1. Given the options L184, L156, L165, state which has the largest fluctuation in a GNM of the chain using a 10 Å cut-off (strictly under) for Cα springs.
2. Order these peptides, 72-82, 108-118, by their mean beta-carbon neighbour count within 10 angstrom, highest first.
3. Using heavy-atom solvent-accessible surface (probe 1.4 Å) with all chains present, what is the largest-first order of S125, S174?
4. At what distance in angstrom do the alpha carbon centres of segment 147-168 and segment 1-61 lie from each other?
5. Beta carbons within 10 angstrom, averaged per residue: use that to sort the peptides 6-18, 139-151, highest first.
6. Quote the relative contact order of segment 63-188 in percent (integer), defining contacts as alpha-carbon pairs under 8 Å separated by 6+ residues.
7. Got a number for carbon plus sulfur as a percent of segment 1-145's accessible area, 1.4 Å probe?
8. Report the accessible area of E90, computed with a 1.4 Å probe over the heavy atoms of all protein chains in place, in Å² rounded to the nearest 10.
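The values are calculated or read from the model by the stated rules, or taken from the named source; none is laboratory data. Everything quoted here is computed from the prediction, not taken from an experiment. Glycine also receives a Cβ, built like all others from the backbone with ideal geometry; neighbour counts cover every protein chain displayed. These accessible areas exclude ligands, DNA and RNA; they are computed on the full protein's heavy atoms, side chains included. Shrake-Rupley method; radii C 1.70, N 1.55, O 1.52, S 1.80 Å.
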Amino acid sequence: VGNFSEFVAGVKKDNKVGFIDTTGKVVIPFKFDVASVFYNGTAIVKDANEYYLINKKGEKIGRDVYNGAGNPSNGTYPVQKGTTFGLIDETGKTIIDFKYQDITPANEGIAWAKKDGKWGLVNTSNNKALTGFIYDSGDNCKNGYIKAGKDKKLGLLDKTGKQVLPVIYDQMGSVYKGKVLLVLNDGKKVIALK
């Protein structure tokens, strides 16, 4: 049994996934191989070798099918067409083009996309790269800031992709009220960002 989201939960029975409501009643039959939770009335499912969006009646949304899919979040769905990844919303509309090796769901309108083995930030509102594809790792955008990793060190970017703190820190906490706790060569320091 999966977690409830929008009053339904995915349940696996006889190796197929369906959905139940909060009373335990089956609301979508057990017919999918894999299913995500629902966001804004939409989930992504795998049926045989195809991934596609469904509504809360279990009906396919749109005509598009995909070769693969990652875990959705915040109403954004990382999906694969052929050998490339892009990002769609809950209606199936492409919000980041299918031209990347991998992609994450968006947070605060920003997603990480992988190109030539490196990660960069892409804005979902205009489908444009905010940074070069130079990072080894990154965290979700939170409160307007994004941690970025390179060569086992961390730095901090803002929502425009601008580097706020250099990529030199061994550890980094979350930004809270304009401050962040950093560790550099085993020494701790708090830096005010504003």
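1. Among L184, L156, L165, the largest GNM mean-square fluctuation belongs to L184.
2. Working: 72-82: 20.1, 108-118: 17.9.
Per-residue mean Cβ counts within 10 Å order the peptides as 72-82, 108-118.
3. Working: S125 100, S174 65 Å².
My answer, sorted largest first, is S125, S174.
4. Distance between centres, Cα-based: 38 Å.
5. Values: 6-18: 15.5, 139-151: 17.5.
Going by the mean number of other Cβ atoms within 10 Å, highest first, we get 139-151, 6-18.
6. Details: 292 pairs, mean separation 14.7, N = 126.
Result for segment 63-188 is 12 percent.
7. On the way: 3410 of 7510 Å².
Percent of accessible area from carbon and sulfur atoms in segment 1-145: 45.
8. 50
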